[in-house]
Amino acid sequence: MAEGQETSREVIGEGIHISDEVVGIIAGIAASEVPGLAGMSGGLTSGLSEALRGRSFGKGVRVTLREHRCVIDLYVIVRYGSRVPDVAMAVQQAVKRAVEAMTGLVVERVNVHVQGIDFGGERPSRADAQSPEETGPR
(Lines give C-alpha, C1' and ligand atoms only; values in the text may rest on other atoms or scores of the structure.)
Protein backbone atom coordinates (compact mmCIF):
# COMPACT_ATOMS: atom_id res chain seq x y z
CA MET A 1 0.00 0.00 0.00
CA ALA A 2 1.30 3.46 -0.90
CA GLU A 3 2.27 5.87 1.84
CA GLY A 4 -0.51 8.22 2.84
CA GLN A 5 -3.18 5.99 1.30
CA GLU A 6 -6.12 5.38 3.62
CA THR A 7 -7.26 1.84 4.30
CA SER A 8 -10.63 0.78 5.55
CA ARG A 9 -10.63 -0.76 9.01
CA GLU A 10 -13.29 -2.77 10.76
CA VAL A 11 -13.55 -2.60 14.55
CA ILE A 12 -14.05 -6.16 15.79
CA GLY A 13 -13.90 -5.57 19.51
CA GLU A 14 -12.53 -3.02 21.91
CA GLY A 15 -9.08 -2.16 20.63
CA ILE A 16 -9.21 -4.69 17.76
CA HIS A 17 -9.19 -3.37 14.21
CA ILE A 18 -8.85 -5.41 11.00
CA SER A 19 -7.93 -3.62 7.78
CA ASP A 20 -9.41 -4.46 4.41
CA GLU A 21 -5.87 -5.30 3.28
CA VAL A 22 -5.63 -8.08 5.89
CA VAL A 23 -9.01 -9.48 4.84
CA GLY A 24 -7.82 -9.34 1.22
CA ILE A 25 -4.67 -11.29 2.03
CA ILE A 26 -6.68 -13.98 3.85
CA ALA A 27 -9.06 -14.19 0.87
CA GLY A 28 -6.18 -14.38 -1.62
CA ILE A 29 -4.43 -17.19 0.24
CA ALA A 30 -7.69 -19.17 0.58
CA ALA A 31 -8.45 -18.73 -3.12
CA SER A 32 -4.93 -19.73 -4.18
CA GLU A 33 -5.40 -23.14 -2.55
CA VAL A 34 -8.40 -24.05 -4.76
CA PRO A 35 -7.58 -26.64 -7.46
CA GLY A 36 -8.07 -25.27 -10.97
CA LEU A 37 -7.25 -21.69 -10.02
CA ALA A 38 -4.18 -20.51 -11.94
CA GLY A 39 -3.86 -17.17 -10.17
CA MET A 40 -5.27 -13.76 -9.44
CA SER A 41 -5.62 -10.96 -11.96
CA GLY A 42 -4.43 -7.66 -10.61
CA GLY A 43 -3.89 -5.63 -13.77
CA LEU A 44 -0.72 -4.07 -15.13
CA THR A 45 0.25 -1.90 -12.14
CA SER A 46 -0.31 -4.73 -9.68
CA GLY A 47 1.76 -7.05 -11.85
CA LEU A 48 4.65 -4.56 -11.92
CA SER A 49 4.61 -4.02 -8.16
CA GLU A 50 4.45 -7.78 -7.60
CA ALA A 51 7.51 -8.28 -9.80
CA LEU A 52 9.38 -5.66 -7.77
CA ARG A 53 8.29 -6.81 -4.29
CA GLY A 54 7.59 -10.52 -4.66
CA ARG A 55 4.30 -12.40 -4.48
CA SER A 56 1.30 -10.49 -3.17
CA PHE A 57 -1.65 -12.52 -1.88
CA GLY A 58 -3.89 -9.44 -1.87
CA LYS A 59 -3.50 -9.00 -5.64
CA GLY A 60 -6.79 -9.29 -7.50
CA VAL A 61 -8.89 -8.88 -4.33
CA ARG A 62 -11.15 -5.96 -3.42
CA VAL A 63 -12.75 -5.85 0.03
CA THR A 64 -15.59 -3.63 1.21
CA LEU A 65 -16.04 -3.53 5.00
CA ARG A 66 -19.22 -2.34 6.74
CA GLU A 67 -20.33 -2.91 10.34
CA HIS A 68 -18.79 -6.34 10.99
CA ARG A 69 -19.70 -7.45 7.45
CA CYS A 70 -17.76 -7.60 4.22
CA VAL A 71 -18.18 -8.10 0.50
CA ILE A 72 -15.21 -9.57 -1.34
CA ASP A 73 -14.53 -9.31 -5.07
CA LEU A 74 -11.88 -11.63 -6.53
CA TYR A 75 -10.46 -11.27 -10.04
CA VAL A 76 -9.15 -14.69 -11.05
CA ILE A 77 -7.54 -16.68 -13.84
CA VAL A 78 -8.69 -20.29 -14.21
CA ARG A 79 -6.44 -23.12 -15.39
CA TYR A 80 -7.31 -24.48 -18.87
CA GLY A 81 -9.28 -27.74 -18.66
CA SER A 82 -10.95 -26.85 -15.35
CA ARG A 83 -14.71 -26.43 -15.20
CA VAL A 84 -15.07 -22.68 -14.61
CA PRO A 85 -18.32 -22.73 -12.56
CA ASP A 86 -16.92 -25.43 -10.25
CA VAL A 87 -13.70 -23.50 -9.65
CA ALA A 88 -15.62 -20.26 -9.01
CA MET A 89 -17.96 -21.94 -6.50
CA ALA A 90 -15.03 -23.61 -4.71
CA VAL A 91 -13.29 -20.21 -4.48
CA GLN A 92 -16.44 -18.64 -3.00
CA GLN A 93 -16.75 -21.36 -0.37
CA ALA A 94 -13.04 -21.39 0.57
CA VAL A 95 -12.82 -17.61 0.88
CA LYS A 96 -16.02 -17.27 2.92
CA ARG A 97 -14.95 -20.04 5.30
CA ALA A 98 -11.41 -18.68 5.80
CA VAL A 99 -12.37 -15.02 6.27
CA GLU A 100 -15.20 -15.78 8.71
CA ALA A 101 -13.08 -18.24 10.71
CA MET A 102 -10.02 -15.99 10.94
CA THR A 103 -11.65 -12.58 11.45
CA GLY A 104 -15.11 -13.12 12.92
CA LEU A 105 -16.56 -10.92 10.15
CA VAL A 106 -19.73 -11.99 8.36
CA VAL A 107 -19.02 -12.45 4.67
CA GLU A 108 -22.16 -11.25 2.89
CA ARG A 109 -20.98 -12.07 -0.60
CA VAL A 110 -17.95 -13.37 -2.50
CA ASN A 111 -18.04 -12.25 -6.13
CA VAL A 112 -15.72 -14.16 -8.47
CA HIS A 113 -14.81 -12.36 -11.70
CA VAL A 114 -13.09 -14.74 -14.14
CA GLN A 115 -10.64 -12.57 -16.07
CA GLY A 116 -8.90 -15.21 -18.15
CA ILE A 117 -7.74 -18.76 -18.77
CA ASP A 118 -4.17 -19.95 -18.19
CA PHE A 119 -3.01 -22.45 -20.78
CA GLY A 120 0.20 -23.23 -18.90
CA GLY A 121 2.32 -22.98 -22.04
CA GLU A 122 0.03 -25.37 -23.94
CA ARG A 123 -1.98 -24.28 -26.93
CA PRO A 124 -5.34 -26.05 -27.02
CA SER A 125 -6.16 -27.85 -30.24
CA ARG A 126 -9.14 -26.71 -32.29
CA ALA A 127 -10.98 -29.95 -31.38
CA ASP A 128 -10.50 -29.24 -27.65
CA ALA A 129 -12.15 -25.84 -28.01
CA GLN A 130 -15.27 -27.14 -29.79
CA SER A 131 -18.41 -28.07 -27.91
CA PRO A 132 -19.84 -31.63 -28.21
CA GLU A 133 -22.58 -30.32 -30.51
CA GLU A 134 -19.96 -28.96 -32.92
CA THR A 135 -17.99 -32.19 -33.06
CA GLY A 136 -20.99 -34.51 -33.70
CA PRO A 137 -22.10 -35.86 -37.10
CA ARG A 138 -23.18 -33.24 -39.61
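The values are calculated or read from the model by the stated rules, or taken from the named source; none is laboratory data. All values reported here derive from a predicted model rather than from experimental measurement. In this analysis, Cβ positions are derived from the backbone assuming ideal geometry, glycine residues included, and neighbour counts consider all displayed protein chains.
Structure values in brief
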{"read-out": "Single residue of 48, 37, 52 found to be at pLDDT 95 or above and out of contact with any Leu (no Cβ under 7 Å at 6 or more places or on another chain)", "value": "37"}
{"read-out": "Single residue of 22, 11 found to be at pLDDT 90 or above and on the phi < 0 side of the Ramachandran plot", "value": "22"}
{"read-out": "Residues (crowded, with 19+ Cβ neighbours inside 10 Å and either of a type in the set (A, V, I, L, M, F, W, C) or modelled with pLDDT of 90 or more (or both)) located in the range 55-89", "value": "60, 61, 63, 65, 70, 72, 74, 75, 76, 78, 87, 88"}
